[in-house]
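Q: Dropping a structure here in structure tokens format, bear with me for questions.
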Amino acid sequence: MAGNPPPPHDRGAKLWDASTGPTRMLISSFDRWSTSLLADDGIDLPFMGSQNPVTAKIIAKSDGILAGCSMVEHMIQIWAGSLQISWSHGEGRSVVKGDEIASISGDKEAVLALERTMLNILGQLSGIATESKKWSSKAPGQIACTRKTVWGLLDKWAVHLGGGLTHRLSRSDARMVKENDLAVMYPDLDNNAARISMFLKEVDFTEVGAFLEIEVREEKEAIMAAFSWSERRMVDGLDRIVIMLDNFSPEKCKSVADELTEMGLREHVFLEASGGIVLGDLEDWRECGLDVLSTSTINRGTTPLDLTMIMNEI
């Protein structure tokens, strides 16, 4: 990974604190998604409890990284307060096939009704955390997800638990400017490089959120963006921006990084690659001099962690 300080793509603290757990932002996401998932399963009222208690265990049927415990616990508190759940493993911990992850006790009807939703949450988010760990172990501090998500902020939380970078949490969390944005803003300019230059001269940096990112599709656009920002940065003392190299090959990314270094512009920007990045080629990407590699592969289409619930008595 090239350069310091680290890129601004790690927004995980807005969702999760290792000491105190989920933030208010993440808890709000818990509420939205659990309500929706339960409603789709025909559950629209909390369970009040009964005199038919059972106990059950959640068991791992495959190896991976556990994620989603806090969401399941929060859902139980809201929707089935009579249930008690005890965890043998915590968020972001490794589990192996056969491990007992949690034990649940309480109302039989509530346990059976919530079983599938609990396993779906844990399986889906643990699958993402497991994939994130696989990628981030090969490229520590470089792997970021995108806003192409299945479960929104929950995906990003699971990526964070697996050691990946969340990237921006929402459209307003940080500002990303793409080719279509520039075309709308500057219809009178006939090329994207000129639009990039004009935008970077005019943008109000106090309104961009956590960071400013601009997408480029050609090497000359990357150079123009870095040059324009270096001029403004030296005058106004602003932070670096992120230049996202969209669908560049590793070789082309290295060429851009090398050229910016030779021109004395590399220190003014973070470089991010996105598009066409696969796990098998990760070593090539790691060696091309970039700060961040962003992909939706780590959180979309991942294999859920295989889990089962076993009743001890009915």
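Q: Count, please, the residues in segment 68-85 that happen to be free of Cβ contacts under 8 Å to residues at least 24 places away in the same chain and not aliphatic (A, V, I, L, M).
A: 3
Q: Kindly list, by first and then second residue, each pair from a residue in segment 229-249 that is on the phi > 0 side of the Ramachandran plot to a residue that is surrounded by fewer than 22 Cβ atoms within 10 Å (Cβ to Cβ), limited to pairs with Cβ atoms under 8 Å and residues at least 6 apart or on different chains.
A: From segment 229-249, the pairs are 247/217; 247/274; 247/275; 247/276.
Q: Within segment 24-54, which residues are assigned to a loop (DSSP other than H, G, I, E, B) and touching a Lys or Arg at 6+ places or on another chain (Cβ under 6 Å)?
A: 52 - this is the single residue of segment 24-54 that is assigned to a loop (DSSP other than H, G, I, E, B) and touching a Lys or Arg at 6+ places or on another chain (Cβ under 6 Å).
Q: So residue 166 fits all but one of (1) buried (at least 16 other Cβ atoms within 10 Å of the Cβ); (2) under 19 Å from the mean Cα position of the chain (by Cα); (3) without any contact (Cβ under 8 Å) to a residue 40 or more places away in the chain; what number is the exception?
A: Failing condition for residue 166: (3).
Q: Let me ask something else about it. Within segment 169-190, count every residue that is loosely packed, with under 13 Cβ neighbours inside 10 Å and either touching a residue at least 24 places away in the same chain (Cβ under 8 Å) or under 16 Å from the mean Cα position of the chain (by Cα) (or both).
A: Residues in segment 169-190 being loosely packed, with under 13 Cβ neighbours inside 10 Å and either touching a residue at least 24 places away in the same chain (Cβ under 8 Å) or under 16 Å from the mean Cα position of the chain (by Cα) (or both): 2 in total.
Rundown of residues vs (1) under 30 Å from residue 300 (Cβ atoms); (2) in contact (Cβ under 8 Å) with a residue 40 or more places away in the chain; (3) touching a Ser or Thr at 6+ places or on another chain (Cβ under 8 Å); (4) buried (at least 19 other Cβ atoms within 10 Å of the Cβ), yes/no style:
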residue: 51; (1), (2), (3), (4): no, no, no, no
residue: 56; (1), (2), (3), (4): no, yes, yes, yes
residue: 66; (1), (2), (3), (4): yes, yes, yes, yes
residue: 87; (1), (2), (3), (4): yes, no, no, no
residue: 98; (1), (2), (3), (4): yes, no, no, no
residue: 102; (1), (2), (3), (4): yes, yes, yes, yes
residue: 121; (1), (2), (3), (4): yes, yes, yes, yes
residue: 129; (1), (2), (3), (4): yes, yes, no, yes
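Q: With respect to residue 238, is the statement that it is closer than 16 Å to residue 8 by Cα, surrounded by 15 or more Cβ atoms within 10 Å (Cβ to Cβ), hydrophobic (A, V, I, L, M, F, W, C) and over 22 Å from the mean Cα position of the chain (by Cα) true?
A: Yes, satisfied.
Readers should treat all values here as calculations from the given coordinates under stated rules, not as data from a laboratory. Only a predicted model underlies this, so the values are computations on that prediction, with no experimental measurement involved. When we count neighbours, we look across all protein chains shown, and the Cβ atoms used for this are built from the backbone with ideal geometry, even at glycine.
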